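*Asks:* This structure is in structure tokens; I'll ask about it shortly.
The values are calculated or read from the model by the stated rules, or taken from the named source; none is laboratory data. Fair warning: this is a prediction, and the values are worked out from it, not measured in the lab. Heads up, the Cβs are rebuilt from the backbone with ideal geometry, glycines too, and the neighbour counts pull from every protein chain shown.
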Amino acid sequence: MTIRTRKFLGTILLLMLATVWALLGMALAQMPWIAESGWRQAIYYVVVGMGWVLPAMPIVSWMQRPDRAKSSS
């Protein structure tokens, strides 16, 4: 697979990840134990806001892998 194809597919995967992560984050934020406390909300939104980076890192590193050298056999 060429780097161009990996970047295209990786971009789609990252957009899907961000969308699903945001929707799940918003849904879980409505839970009463989070919604009743301002401090819990602040901590929750910081953790969830930064948390998408961990699952995105393998996708980005896969996207940046160089192409394999073609063998001249």
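*Asks:* Would you please list the contacts, defined by Cβ atoms under 7 Å and residues six or more apart or on different chains, that run from a residue in the range 23-37 that is under 19 Å from M50 (Cα atoms) to a residue that is assigned to a helix (DSSP H, G or I) and hydroxyl-bearing (S, T, Y)?
*Replies:* Matching pairs, first to second residue: A29/Y44; I34/Y44.
*Asks:* If you scan the range 26-54, which residues turn out to be in contact with a helix residue (DSSP H, G or I) (Cβ under 6 Å, 6 or more places away or on another chain) and within 30 Å of T5 (Cβ to Cβ)?
*Replies:* W52
*Asks:* Then there's this: Do we find that T19 is modelled with pLDDT under 95 and among the polar types (S, T, N, Q) in this structure? I'd like the intermediate steps shown before the answer.
*Replies:* Details: modelled with pLDDT under 95: no; among the polar types (S, T, N, Q): yes.
Judged against the criteria, T19 is not a match.
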